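Asker: Structure provided below as C-alpha cells; questions to follow.
The values are calculated or read from the model by the stated rules, or taken from the named source; none is laboratory data. A quick note: this is a predicted structure, and the numbers were derived from the prediction, not measured. Cβ coordinates were reconstructed from backbone atoms using ideal geometry, including for glycine residues, and neighbour counts include every protein chain displayed.
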Amino acid sequence: MPEVEKSALQLGGLYQTHNDKRPYRIIGLDAVEVFYDCLWQEGFWTFSGNFKKKVFFYRMSNATFFNFSKKIDILPLSSEELSAFRPDLPMRLGRTKMLSWNKIDDTTQSDFESSLENLCPELIAQSLRTNKIVLLPFGRKGGLKKGTIIQADNGSFIPIHELLWKAKQLQEAVNNQDSIGVGLYRLGFEKGIPSYYIGEFIDSAGICKE
C-alpha cells in the first residue's frame, strides 16, 4: 500500500469516514500510520479524558484513512492530550530482519550494543525521548501479555540498544519461540505512561510490511 505524505493529514483534524457517522480525530500520525480517536457520544471521546486508564489506540494505515475520509474541522490537541497521547514519539522503532527474539546470544547489554552497531548500524540513532514506557511482550499464540514499566538508565531517554535489550528479557521470559525479525510498536498508554508492544518485523496489524 503506498504511503501518503504526512502533510496530507493533520494532527487534531476531525474527519468524516465513509463507514461511520461519528467523526474521527487524528491523535497521532506519520507517513505510514494514523492513530485516531472516535466521538462515541456528544462531548465524549474514547481516549481523551481517560488519561489514567489503559488505552490501546485505534489505528489505520495512512493511505486507507486518507482515501476513506473527508476533513470536516480541526480540534487541536490540548496540552493534557499532547502529554498523554505523545504524538512526538515514534510509532515504531527497532525494526529489523537481522535479529530474532530468542536468538540474541549476547549476555550483557554492552555486548549487545556492540553487536547491534555491527549488524544494524541504521538503528543506532533511534531512541525514545521519554524516561519510561510500558512494554508488552507477546505470547506463544500471539496475544499480548501484561506490560512492564521500563525506565531509562540515564533517567532521561531510552536509546535503541537499551530498549531492545530490555525487550529481549521480557519477550524471552514469556515465549521461547524464535521470531521473524524484531520490532517495537506504539500501542497507547497506561496510567499516563506511553506503551509499546514487542513484535516482529511485520507489525501485528499488518500495516508495516517492509
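Asker: Select, from THR64, THR108, the only residue that is β-branched (Val, Ile, Thr) and farther than 20 Å from ILE158 by Cα.
Answerer: Answer to the selection: THR64.
Asker: Are any residues in region 156-194 within 16 Å of the chain's Cα centre (by Cα), among the small types (Gly, Ala, Ser) and over 23 Å from ALA205 (Cβ atoms), and if so, which ones?
Answerer: Scanning region 156-194 gives a single hit, GLY192.
Asker: With the condition kept exactly as written, say whether any residue in region 49-56 is surrounded by 13 or more Cβ atoms within 10 Å (Cβ to Cβ) and of a type in the set (A, V, I, L, M).
Answerer: yes
Asker: From the list ILE27, ILE72, exactly one residue is touching a helix residue (DSSP H, G or I) at 6+ places or on another chain (Cβ under 6 Å) and in a strand (DSSP E or B). Which is it?
Answerer: None of the others qualify; the one that does is ILE27.
Asker: Only one of (1) at pLDDT 95 or above; (2) over 25 Å from ARG59 (Cα atoms); (3) not small (Gly, Ala, Ser) is not met by THR107, so which one is it?
Answerer: Failing condition for THR107: (1).
Asker: Here is a further query. Could you list, in sequence order, all residues of region 30-59 that are in a strand (DSSP E or B) and not hydrophobic (A, V, I, L, M, F, W, C)?
Answerer: Of everything in region 30-59, those that are in a strand (DSSP E or B) and not hydrophobic (A, V, I, L, M, F, W, C) turn out to be GLU33, TYR36, ASP37, GLN41, LYS54, TYR58, ARG59.
Asker: Pairs only if they're at least six apart or on different chains, beta carbon under 6 angstrom, first in region 26-38 and outside the structural domain of ILE72 (by TED's automatic domain parsing), second part of a strand (DSSP E or B) and surrounded by fewer than 21 Cβ atoms within 10 Å (Cβ to Cβ); list them, first residue then second.
Answerer: That search, which allows pairs on different chains as well, returns nothing.
Asker: Can you find a residue in region 112-129 that is more than 23 Å from GLU200 (Cβ to Cβ) and outside the structural domain of ASN19 (by TED's automatic domain parsing)?
Answerer: yes
Asker: Something else about it: Working only within region 75-87, note down all residues that are part of a helix (DSSP H, G or I) and among the aliphatic types (A, V, I, L, M).
Answerer: Residues satisfying the conditions are LEU82, ALA84.
Asker: Taking region 79-126 only, how many residues are touching a residue at least 24 places away in the same chain (Cβ under 8 Å), out of contact with any Asp or Glu (no Cβ under 7 Å at 6 or more places or on another chain) and among the polar types (S, T, N, Q)?
Answerer: 3
Asker: Which one is farthest from GLU190 (Cα to Cα) among residues in region 30-50 that are of a type in the set (Gly, Ala, Ser) and touching a helix residue (DSSP H, G or I) at 6+ places or on another chain (Cβ under 8 Å)?
Answerer: ALA31
Asker: Strands (runs of 3 or more DSSP E) wholly in region 88-179 with at least 2 residues that are not aliphatic (A, V, I, L, M) - which ones?
Answerer: Details: elements: 92-96, 132-136, 148-151.
The strands (runs of 3 or more DSSP E) meeting that bar are 92-96, 148-151.
Asker: Name, by its number, the condition in (1) closer than 28 Å to GLY49 by Cα; (2) surrounded by fewer than 21 Cβ atoms within 10 Å (Cβ to Cβ); (3) touching a residue at least 40 places away in the same chain (Cβ under 8 Å); (4) among the polar types (S, T, N, Q) that does not hold for SER156.
Answerer: Every condition holds for SER156 apart from (3).
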